[in-house]
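Trainee: This is the structure, below, for whatever I ask next.
The values are calculated or read from the model by the stated rules, or taken from the named source; none is laboratory data. It should be emphasised that the depicted structure is a prediction, and the values quoted were computed from it without experimental measurement. Glycine gets a Cβ as well: all are built from the backbone with ideal geometry, and neighbour counts include every protein chain shown.
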Amino acid sequence: MRILDKYILKKFLGTFIYSISLILLIFIVFDLKDKLPSFLEDKTPLKEIIFDYYLMFIPVYGNMFSPLFTFISVIFFTSRMAQRNEFIAMLSSGINYNRILRPYVFAASIIAVSSLLLNHIIIPTANKRKIAFEDKWFNNNYTTEDKNIHRIIGADEVLYLYSFDNKAKLGYKISLEKIKDNKQVYYLSAETMQWDSTDKSWLLNNVFERKLIEQLKGDSIFYKEIVSVYPSKKIKIDFTPDDLWRYESKLEIMNYWELKEYIQRERQRGSNKVEYFEVEHHRRTAFPFATFVLTIMGVSVSSKKVRGGVGWTIALGLFLSSVYIMLMYVFTTMATTGFAPPMLAVWIPNIVFSIVAYWFYLKAQK
């Protein structure tokens, strides 16, 4: 690695770490200011505040802002190099513009790979502790307020609950039915269903069960009805209390493999929330890729010395990054509402800005 590479790498990564550390520190100070009265009132242990909340806070929000601060860092130190005529000196000495870009791409690769690992593996683990802390101290041990809950738990099975208590893991007014050839062949109802974590089953109380048994007599098919009543009954179904947790929390705590498996299971169930989870799955990969796009665009925009100093360049960078974020939110919303395929919608901002970055690259001073 040459002196030039080390110089640019040091400037790039140093500016990035400094700027994102500063913004995280500001976020923590403001967040602590808002939550300090609650911490004092509830006598929240200091150990939990530090290790279960703020230590988990750092990777979550640091990664969230990493592409934006990559862009800002590149523009800031590159425009300063341009103002000091360092780019002119490098180009005049015969160094190819693409050669100058090499340490930028290498630094962007470090940030992008780190972001990829954070998105798919590290942050879901951090979020488990962070969300558990928030539910314990801020959300009063979250319980769903949904009523008349319907869930497709199999190809032909539908579960209905009037209400569910997340804290007690207890459902009320239960019914379970199986449909075959547009005929209800099984029906079960119960007053309550209690989750048993030891054997991953449900204990139902005051159970009414009705079965239709298909029988063949000659060339005719008829059904025999069997009705049973039980004071209690245990059943195992493809449904757990976690399935009634809020979608946002489930998304945040699942790593790459868990999320992929969950999407497959929800698709088999015919869930109408599949797009929501697919968007998150693709976003975790598309988001780090933006680091490369914004780095190339940042270098191309700021490597030319302009009249007026670095102010105009930084303003242009902030405008472009704002447009990028706006596009990401617009197309993500379109995907979750079913107006566009999740993968395409998530990658469109990167595709659009790749074209923009290439245009700036062609116009850059070489």
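Trainee: So, in segment 204-234, exactly how many residues are surrounded by 16 or more Cβ atoms within 10 Å (Cβ to Cβ) and within 14 Å of GLY171 (Cα to Cα)?
Mentor: Of the residues in that region, 2 qualify.
Trainee: Just one of the numbered conditions (1) surrounded by fewer than 17 Cβ atoms within 10 Å (Cβ to Cβ); (2) outside any helix (DSSP H, G or I); (3) modelled with pLDDT of 90 or more is not true of ILE95; which one?
Mentor: So ILE95 meets the others, but not (3).
Trainee: Further question on the same structure: Could you please find all residues in segment 39-63 being in a loop (DSSP other than H, G, I, E, B), free of Cβ contacts under 8 Å to residues at least 60 places away in the same chain and not charged (D, E, K, R)?
Mentor: PRO45 - this is the single residue of segment 39-63 that is in a loop (DSSP other than H, G, I, E, B), free of Cβ contacts under 8 Å to residues at least 60 places away in the same chain and not charged (D, E, K, R).
Trainee: Sticking with this one: Scan segment 64-92 for residues that are within 23 Å of the chain's Cα centre (by Cα), in a helix (DSSP H, G or I) and in contact (Cβ under 8 Å) with a residue 12 or more places away in the chain and jot them down.
Mentor: SER66, PRO67, LEU68, PHE69, THR70, PHE71
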